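Chemist: Got a structure for you, questions after.
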Amino acid sequence: MRSERDTEEADADTVEEAAAEPSAHPEHPAPSFVPHCAHHVSYVLTVLDRLVPAGTRCAVIGAPLNSNVGDSAIWLGQRALLGVLGAEVRYACDLMSYDPAHLAACLPDGPIMLTGGGTLGDLWEDSQLLREQVLRDFPDRRVVQLPQSAHFTVHANLTRARRVFDAHPDLTLLLRDRRSLHRCRTVFEAPALLAPDLAFAVPPDALAGGTVAHDVVWLAREDKESAKGPPAGRGATHDRGAAPHVFDWVREGADTDWRQAKEALWRTRARALCRAASGDAPGAVPALLAVYDGLARLQLGRGCRLLTAGRVAVTDRLHGHVLGLLLGLPHVLLADRYGRTRSHWDTWTAHRPPTTAWAWTEAEARQTAGRLLAELRAEKQGA
């Protein structure tokens with residue numbers, strides 16, 4: 001049996017191999033991704049290729065309906081990667097529409113993919129309970145948990161999850177940071193592999209920036225994963241400018257056209273689910289996929305506009321950091337309550353651009369944002 005150190009060294013070798021060969025799948029169409037994040041895309045393709053052979057027909061569970069932009073970025077990256085691998089999605093559902101009978105009708109055999117994110121554990125109970133239900137419902141299928149962060153706060157919840165996970169004979173867990181990887185290898189029997197967050201594979205045409213309106217924007221969590229709540233002193237200035245514009249992207253705003261587009265997609269979803277309920281579950285799948293893709297693009301576009309409204313960004317959201325990298329936006333990353341951003345930073349961001357920095361405190365973040373802003377201005381003046 002391999003030791004933990006041997007396994008981590010093998011993971012490191014996979015990183016180097018994937019980075020050395022960006023197009024690792026010549027039999028499939030060349031992926032469209034942001035060039036300076038190619039090494040992350042190549043890594044995850046290398047991992048997934050072992051689990052999703054060419055031409056695989058699969059189910060995807062957990063399409064996002066919420067306003068968290070990061071979940072939408074994951075969905076779009078996930079869809080792009082499955083397309084590159086030649087996988088055909090025969091069933092898809094969101095958190096509220098899972099139906100095991102419909103899944104079986106659409107996909108009599110074939111693997112089930114559980115959407116990636118930060119919900120493996122008991123921080124977001126609805127997602128975890130759905131994950132466990134799918135494993136109970138389909139003990140005869142291969143189930144692949146796409147890259148997640150893992151965190152349990154209550155031992156009883158971990159015990160329940162271990163019982164369900166360990167009872168499934170063909171479950172593979174993909175973890176997006178080394179701390180989560182180590183935890184899952186310690187407590188679960190299922191194979192656990194390291195893989196980057198799937199948002200790195202967001203298609204470039206979904207990454208549209210907006211109009212710059214602020215020197216510094218501050219994307220601050222307002223939920224249970226916030227380390228300290230919104231930044232102290234919303235009106236506080238950074239070292240070289242006015243107060244940052246503080247927001248959390250789970251608040252959708254009041255753009256009329258945007259909301260009308262979202263409502264139209266929700267109506268299409270309702271019609272598709274009615275079709276499935278009437279006995280044509282397979283016929284409803286294309287419409288549902290179009291809805292999930294459309295909603296994800298709407299949310300991601302909104303998130304990109306919010307971030308690029310600043311010349312520099314500060315955030316404690318992991319996907320604020322990932323989108324900052326994809327967009328080439330100078331930014332500062334802070335810790336969340338459970339250490340996920342730092343673990344991801346330590347795992348994947350060793351070769352970050354010089355315009356990306358870590359800060360341990362809000363004061364340090366303001367100072368670093370001021371430095372990045374000054375460097376940006378100096379570069380433009382010298383151009």
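The values are calculated or read from the model by the stated rules, or taken from the named source; none is laboratory data. All values reported here derive from a predicted model rather than from experimental measurement. Please note: Cβ atoms are built from the backbone with ideal geometry, for glycine as well, and neighbour counts cover all protein chains shown. Areas reflect the complete protein model, heavy atoms only, side chains present, ligands, DNA and RNA absent. Shrake-Rupley method; radii C 1.70, N 1.55, O 1.52, S 1.80 Å.
Chemist: Work out Dmax and Rg for the chain from the C-alpha atoms and quote the Rg first, both in angstrom.
Modeler: Rg, Dmax (Cα atoms, Å): 20.7, 65.
Chemist: Using the Kirkwood radius over C-alpha pairs as Rh, can you work out the diffusion coefficient of the range 249-362 via Stokes-Einstein at 25 °C, viscosity 0.890 mPa s, in µm² per second?
Modeler: 149 µm²/s
Chemist: Given the options Leu173, Pro203, Leu265, identify the residue whose Cα lies farthest towards the positive end of the charge dipole of the chain (+1 on Cβ of Lys, Arg; -1 on Cβ of Asp, Glu).
Modeler: The one lying farthest along the dipole's positive direction is Leu265.
Chemist: Quick one: which of 211-220, 315-324, 244-253 comes out on top by average Cβ neighbours within 10 Å, and what's the full order, highest first?
Modeler: The most tightly packed comes first, giving 315-324, 211-220, 244-253.
Chemist: Kindly write out, for the range 174-183 in residue order, the coupling ³J(HN,Hα) from the Karplus curve 6.51 cos²θ - 1.76 cosθ + 1.60 (θ = phi - 60°), rounded to whole Hz, with x marking Gly and Pro.
Modeler: Running phi through 6.51 cos²θ - 1.76 cosθ + 1.60 with θ = phi - 60° gives 9, 10, 9, 8, 5, 5, 5, 4, 4, 4 Hz.
Chemist: I need the Kirkwood Rh of the range 74-221: take the reciprocal of the average 1/r across all distinct C-alpha pairs and report it in angstrom.
Modeler: 16.7 Å
Chemist: Whose amide H sits under 5 Å from the amide H of Leu194, counting only residues 5 or more places off or on another chain, with H placed in the peptide plane?
Modeler: Leu175
Chemist: Continuing with the same structure: Could you report the chain's accessible area per residue, 1.4 Å probe, as an integer in Å²?
Modeler: 42 Å²
Chemist: Still on this model: Applying the Karplus parametrisation 6.51 cos²θ - 1.76 cosθ + 1.60 with θ = phi - 60° to the phi angles of the range 126-133, what ³J(HN,Hα) value in whole Hz is obtained for each residue in order, glycine and proline being reported as x?
Modeler: Ordered by residue, 3J(HN,Hα) equals 4, 5, 5, 5, 5, 4, 5, 5 Hz.
Chemist: Could you let me know the centre-to-centre spacing of the range 264-320 and the range 68-134, using Cα atoms, in angstrom?
Modeler: 13 Å
Chemist: For the chain, what does the helix formula give at 222 nm: sum of -39500 (n - 2.57) over DSSP H segments with n ≥ 4, over the residue count, nearest 500 deg cm²/dmol?
Modeler: -15000 deg cm²/dmol
Chemist: Also, quick follow-up: Considering Cα pairs under 8 angstrom that are at least six residues apart, work out the relative contact order of the chain and quote it in whole percent.
Modeler: This gives 17 percent for the chain.
Chemist: For Lys380 and Gln367, compute 0.36 nm times the residue count separating them, minus their Cα-Cα distance, and round to one decimal in nm.
Modeler: The span from Lys380 to Gln367 would gain 2.7 nm if fully extended.
Chemist: Follow-up. Any idea what % of Cα-Cα pairs in the range 149-194 are farther than 15 Å?
Modeler: Every Cα pair in the range 149-194 considered, those over 15 Å come to 39 percent.
Chemist: Let me ask something else about it. Can you pull the one-decimal nm distance between simple spin-label points at Arg305 and Thr211, each 7 Å off the Cα toward Cβ?
Modeler: Result: 1.0 nm between the two label points.
Chemist: Over the range 50-128, with every protein chain in place, what whole percent of the accessible area is carbon and sulfur at 1.4 Å, could you tell me?
Modeler: Whole-percent figure for carbon plus sulfur exposure: 51.
Chemist: Need one number: nm distance between label points at Ser32 and Ala243, each 7 Å from Cα along Cα→Cβ, rounded to one decimal.
Modeler: If labels sit at Ser32 and Ala243, their model points lie 4.2 nm apart.
Chemist: To continue, here is another question. Explain nothing, just the number: dipole magnitude of the chain about its Cα centre with +1 on each Lys and Arg Cβ and -1 on each Asp and Glu Cβ, in debye rounded to the nearest 20.
Modeler: That gives the chain a dipole magnitude of about 860 debye.
Chemist: About its Cα centre, what dipole magnitude does the range 46-104 give when the only charges are +1 on Lys and Arg Cβ and -1 on Asp and Glu Cβ, stated in debye to the nearest 20?
Modeler: Roughly 160 debye, rounded to the nearest 20.
Chemist: Between Ala277, Gly339, Val69, whose Cα lies farthest towards the positive end of the dipole of the chain when Lys and Arg beta carbons carry +1 and Asp and Glu beta carbons carry -1, centred on the Cα centre?
Modeler: Val69
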